[in-house]
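Below: the structure, in structure tokens.
The values are calculated or read from the model by the stated rules, or taken from the named source; none is laboratory data. Keep in mind that this is a model prediction, so the values were computed, not measured. Every residue, glycine as well, gets a Cβ built from its backbone with ideal geometry; the counts of neighbours run over all protein chains shown.
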Amino acid sequence: MGIGMEIGAQEVADHVARMLGEGHGLPVTRDGAVVDVTGTGVRVAVAEPETYMDGRSVRVPIGVGHPSWDGMFAWDQAVGIGAGGRHPVAEALEGWAHNVFPVFAAPLLPGSDLGRYAAAVPITSGDRAADVYYGPLAFRDFGGLAPGLRAAAAERPPTMVLVEELFGGYALPGRPLWMYTFCARMPDGPVTEVTLHNGDSSGSFAHIGDHLPWEGHGSVKSWALVMPRPAGHGGPHEDGGHMDGGHGQGF
């Protein structure tokens, strides 16, 4: 599964197809820069990657789609940093497969080993009920990150705070809703990015990581997928999915 130094969207998609097919046993076909998980409706699209730092860092736009989502894809910006001779795209895709794709695999690809990385948590508010699939947390430590941050974030990740606030005070659509959060403390100050259904909602939720014991410099990023529950459906058991993923993926 080697990756050449010069790589575009179709080459990235080819690597995604081999990773999901050969690496995780999913039936896949590729058409250009789109990978189809045969017979499931799940599709993975890749846009042209952007390179930085003289090619040592890459940002790969990669989205997951399903026919019930009216043609929309849930887009992530997977970032990889090459080290030790490893291609940055390989690092970006490994992070995406471990930290992002599981929230979609859990409800849409039952039986997939990737789905086991997500934690399924039921949530209710009034007459609304949904199952929330949280992906493993992705940390980056830029120096001196507080030891207790990982445990605190695993207990109550910023994305969980976001979901709770959305259910508590917003009119949510009766269809799946995807989101991810990126919270960091940098030398020039705090950074909070909230992407909700592919749109930037950072301004309304800049506080969602304030409960964490920040010290030093670093970041935490995590995904969630909210699946509205049909009336009378009990939902999945709240299982022990792994929210503290510890992988290096992030912005």
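Residues are listed down the side, and each one gets a yes or a no for (1) among the charged types (D, E, K, R); (2) over 21 Å from residue 181 (Cβ atoms); (3) surrounded by 17 or more Cβ atoms within 10 Å (Cβ to Cβ); (4) in the same structural domain as residue 17 (by TED's automatic domain parsing):
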| site | (1), (2), (3), (4) |
| --- | --- |
| 45 | no, yes, yes, yes |
| 50 | yes, yes, no, yes |
| 62 | no, no, yes, yes |
| 66 | no, yes, yes, yes |
| 72 | no, no, no, yes |
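Residue pairs whose Cβ atoms lie under 8 Å apart, sitting 6 or more positions apart in sequence or on different chains, and linking a residue in the stretch 135-160 that is over 18 Å from residue 179 (Cα atoms) to a partner that is among the β-branched types (Val, Ile, Thr) and in a strand (DSSP E or B), are 149/220.
Across the stretch 150-161, the number of residues qualifying as modelled with pLDDT of 95 or more and in contact with a strand residue (DSSP E or B) (Cβ under 9 Å, 6 or more places away or on another chain) comes to 6. Residue pairs whose Cβ atoms lie under 7 Å apart, sitting 6 or more positions apart in sequence or on different chains, and linking a residue in the stretch 10-23 that is closer than 12 Å to residue 97 by Cβ and in contact (Cβ under 8 Å) with a residue 12 or more places away in the chain to a partner that is assigned to a helix (DSSP H, G or I) and among the small types (Gly, Ala, Ser), are 19/97.
So, in the stretch 28-51, how many residues would count as being more than 19 Å from residue 100 (Cβ to Cβ) and touching a strand residue (DSSP E or B) at 6+ places or on another chain (Cβ under 7 Å)? Looking only at that region, the number is 3. Could you tell me which residue of the stretch 214-245 is farthest from residue 172 (Cα to Cα), considering only residues that are within 13 Å of the chain's Cα centre (by Cα) and at pLDDT 90 or above? Across the stretch 214-245, the extreme among qualifying residues is 220.
Of note, residue 115 does not satisfy the criterion of being of a type in the set (Gly, Ala, Ser) and either buried (at least 23 other Cβ atoms within 10 Å of the Cβ) or part of a loop (DSSP other than H, G, I, E, B) (or both).
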